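Working notes, structure below.
The values are calculated or read from the model by the stated rules, or taken from the named source; none is laboratory data. All values derive from a computational prediction rather than experimental measurement. As a convention, Cβ positions derive from the backbone with ideal geometry for all residues, glycine included, and neighbour counts pool all protein chains shown.
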């Protein structure tokens, strides 16, 4: 028995030594990746057109991250297919930290809205940071003569025809907010989807149709100027600089809260050290009072959380939106 132990002892020692060296090497590689990254420009893929909330968020944080990284941060707008084109492009990018995805709630909605969205939100990406969220807002052109959500509903019921409602895209949370309102009121809606919130806002301003639902950030300036009228926000409380705009609950629809949230993701396989570095710097940018105030001023509530927080939100919202899509009877794309 003693001879067996003596014979195996050198092997055991070599195994322990090998494990120690491997662990040390992993630590060195992680540290090296953290120190060396980034040594060139970093790209943010935004799966939406310029002017929408996701684009606004990406541009608002890019300046701070450029300073943190010491390298340029380039915005690549890749709209189309409800955001799937940009998301798939990001998923197929090299997992080296130089291509990151900034996406809205469409990231968690589309796998349930499309027969084949082209990506899996759990398998194809690593969560980096939750950035912020914004309520949706029901909008009308002032020339409509509609002053409240109740008045809008009464007019729609009296007309008996489908109410044309602009939204930023099929499956967006504004679209699903309108669907939820349809379920709660029984009013038939004819959805007019646009390829992004910026285009939807322009259509409302042009009076293509007098009613629309978008996230708050792209509509904020137009509401403040009086160019568009907000009937209600889908938040749990009134927005701080729009005290005259009621919540959906105050407008007669309790338990009606709907947010568009923004998240940052990295392609699956991106080194953990890089994910942590990007998350750390991103949260530092969001914690800057000047940046936070700017984001709040354009309609965002900063919700800074790292990879674990964003992972929890994705895990919660994928089934939540899947259930609403089924209840609303929305046909898969």
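Residues that are surrounded by fewer than 21 Cβ atoms within 10 Å (Cβ to Cβ), touching a helix residue (DSSP H, G or I) at 6+ places or on another chain (Cβ under 8 Å) and either within 30 Å of residue 38 (Cα to Cα) or not assigned by TED's automatic domain parsing to the domain that holds residue 79 (or both) within the stretch 98-118 comprise just one, 118.
For the residues 329, 299, 309, the requirement of being touching a residue at least 24 places away in the same chain (Cβ under 8 Å) and on the phi > 0 side of the Ramachandran plot singles out 299.
Pairing residues of the stretch 211-227 that are exposed (fewer than 14 other Cβ atoms within 10 Å of the Cβ) with residues that are outside any loop (DSSP other than H, G, I, E, B), at Cβ distances under 8 Å and at least 6 apart in sequence or on separate chains, gives 226/142.
Comparison of 291, 234 shows that the only residue that is more than 29 Å from residue 153 (Cβ to Cβ) and surrounded by 15 or more Cβ atoms within 10 Å (Cβ to Cβ) is 291.
Among the strands (runs of 3 or more DSSP E) confined to the stretch 169-237, the ones with at least 1 residues that are out of contact with any strand residue (DSSP E or B) (no Cβ under 6 Å at 6 or more places or on another chain) and either under 19 Å from residue 300 (Cα atoms) or assigned by TED's automatic domain parsing to the domain that holds residue 105 (or both) are located at 211-215. Of the helices (runs of 4 or more DSSP H) lying entirely inside the stretch 34-123, those containing at least 2 residues that are closer than 26 Å to residue 293 by Cβ and in contact (Cβ under 8 Å) with a residue 60 or more places away in the chain are 53-69.
Considering 240, 253, the condition of being out of contact with any strand residue (DSSP E or B) (no Cβ under 7 Å at 6 or more places or on another chain) and within 18 Å of residue 182 (Cα to Cα) is satisfied by 253 alone.
Here is a check on your reading of the model: is residue 279 modelled with pLDDT of 95 or more and either surrounded by fewer than 19 Cβ atoms within 10 Å (Cβ to Cβ) or more than 21 Å from the chain's Cα centre (by Cα) (or both)? Spelling it out, it is not the case that residue 279 is modelled with pLDDT of 95 or more and either surrounded by fewer than 19 Cβ atoms within 10 Å (Cβ to Cβ) or more than 21 Å from the chain's Cα centre (by Cα) (or both).
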